[in-house]
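Following: one structure in structure tokens, then a few remarks.
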Amino acid sequence: DRQGRIWFGLRKAYVYYDYTTDGFRDFVVHHEGKQISDHYDWAWLDVRDDNFYFGAGNFLYYVNSSQPAQYKLLDSVRVNFKAKMLPLKNGGVRLLKILPDSDVVEFADYKNGRRIKDSGPFPLPESEKLNDIRSLSETKLLVATDGGLRILNTIDSTWRQFQNPNENKDFNAIELERLGDTLFVGSKSSGIHVFNLNEEKYEGELTIGGSG
């Protein structure tokens, strides 16, 4: 977070490490008087105003890092470690739901501590399976599938294939990381690939220079 602490989601608690004290502090979550000890998976860390979001059991919570023990219930929904929480221009946030082996894309918008809109499901083309999602804009999503990299227009529900780096070969995209207009795509069997989002152009495979 902005205070330099590193947060972890564990099975029975969420925890932060403070390098200034070289110590850990843990927090457990209770729902209706009962401690939840299922899982604590992150949706996003430090979206705005130092809020971050985590899943515990079948619920989604948020907490401000300045008051780490005062978590608040946001929704009754189960999230996993790949779920993303994105900031929106209207001051709200968007939860991108990423479930293992799902063949649809779904997301929900939240504002002022409540859900205001559900979107989807958007079926993936050709029965592909969902692996990861990143935001291209508030109306377009970058979607990694076992069939490659696609762009979903959430306004008209249309899909478009992004450039395939392996030409006619299978391209199983499993992980996406965006840095400005550069997109890094981890694949199942052909390494990490780099794309220019501004030009929608494939720039090549990521290589590690130097030695040691």
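Answer yes or no: is there a residue in region 66-76 that is within 30 Å of Glu128 (Cβ to Cβ), open to solvent by less than 20 Å² (accessible area, probe 1.4 Å) and outside any strand (DSSP E or B).
No, the conditions are met nowhere in region 66-76.
Table: residues versus (1) open to solvent by less than 20 Å² (accessible area, probe 1.4 Å); (2) in contact with a Ser or Thr (Cβ under 8 Å, 6 or more places away or on another chain); (3) not β-branched (Val, Ile, Thr).
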| residue | (1), (2), (3) |
| --- | --- |
| Arg5 | no, yes, yes |
| Tyr14 | yes, no, yes |
| Arg25 | no, no, yes |
| Asp50 | no, yes, yes |
| Ala56 | yes, no, yes |
| Phe59 | no, yes, yes |
| Val93 | yes, no, no |
| Pro100 | no, no, yes |
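Got at least one residue in region 21-37 being in contact (Cβ under 8 Å) with a residue 12 or more places away in the chain, part of a strand (DSSP E or B) and within 18 Å of the chain's Cα centre (by Cα)?
Within region 21-37, not a single residue is in contact (Cβ under 8 Å) with a residue 12 or more places away in the chain, part of a strand (DSSP E or B) and within 18 Å of the chain's Cα centre (by Cα).
Among the residues of region 77-98, how many are of a type in the set (Lys, Arg), assigned to a strand (DSSP E or B) and farther than 20 Å from Asp156 by Cβ? Show your work before the answer.
Step one: filter region 77-98 for residues of a type in the set (Lys, Arg), giving 78, 82, 84, 89, 94, 97.
Now restrict to residues that are assigned to a strand (DSSP E or B): 84, 94, 97.
Retained after the next criterion (residues that are farther than 20 Å from Asp156 by Cβ): 84, 97.
Total satisfying the criteria: 2.
Taking the condition of being within 18 Å of Tyr61 (Cβ to Cβ) and not in a strand (DSSP E or B), how many residues in region 99-112 meet it?
1
Do any residues in region 80-107 that are in contact (Cβ under 8 Å) with a residue 60 or more places away in the chain have Cβ atoms under 8 Å from those of residues that are open to solvent by 20 Å² or more (accessible area, probe 1.4 Å), where the two are at least six apart or on different chains, and which pairs are they?
As it stands, the answer is Phe81/Gly9; Phe81/Asp41; Phe81/Trp42, since those pairs meet every condition given.
Among the residues of region 114-124, are any under 17 Å from Arg160 (Cα atoms), out of contact with any helix residue (DSSP H, G or I) (no Cβ under 7 Å at 6 or more places or on another chain) and open to solvent by less than 40 Å² (accessible area, probe 1.4 Å)?
Yes: region 114-124 contains one or more residues that are under 17 Å from Arg160 (Cα atoms), out of contact with any helix residue (DSSP H, G or I) (no Cβ under 7 Å at 6 or more places or on another chain) and open to solvent by less than 40 Å² (accessible area, probe 1.4 Å).
Against the conditions (1) modelled with pLDDT of 90 or more; (2) closer than 19 Å to Leu96 by Cα; (3) open to solvent by less than 60 Å² (accessible area, probe 1.4 Å), where does Ile155 fall short? Just the number, please.
The one condition Ile155 does not meet is (3).
Could you please find all residues in region 122-140 being in a strand (DSSP E or B) and either modelled with pLDDT of 95 or more or under 11 Å from Val104 (Cα atoms) (or both)?
Looking only at region 122-140, we keep the residues that are in a strand (DSSP E or B), and these are 122-123, 130-135, 140.
Correct list: Phe122, Pro123, Leu130, Asn131.
Please go through region 176-200 and pick out each residue that is closer than 17 Å to Ile151 by Cβ, at pLDDT 85 or above and open to solvent by 70 Å² or more (accessible area, probe 1.4 Å).
Selection gives Glu177, Arg178, Asp181, Asn198, Glu199.
Kindly establish whether Arg150 is touching a strand residue (DSSP E or B) at 6+ places or on another chain (Cβ under 6 Å), modelled with pLDDT of 90 or more and farther than 21 Å from Arg94 by Cα. First the steps, then the outcome.
Values: touching a strand residue (DSSP E or B) at 6+ places or on another chain (Cβ under 6 Å): yes; modelled with pLDDT of 90 or more: yes; farther than 21 Å from Arg94 by Cα: no.
The answer is no for Arg150.
The values are calculated or read from the model by the stated rules, or taken from the named source; none is laboratory data. The model shown is predicted, which means the values in this text are computed figures rather than measured ones. Glycine gets a Cβ as well: all are built from the backbone with ideal geometry, and neighbour counts include every protein chain shown. Quick note on the areas: whole protein, heavy atoms, side chains included, nothing else; ligands and nucleic acids left out. Shrake-Rupley method; radii C 1.70, N 1.55, O 1.52, S 1.80 Å.
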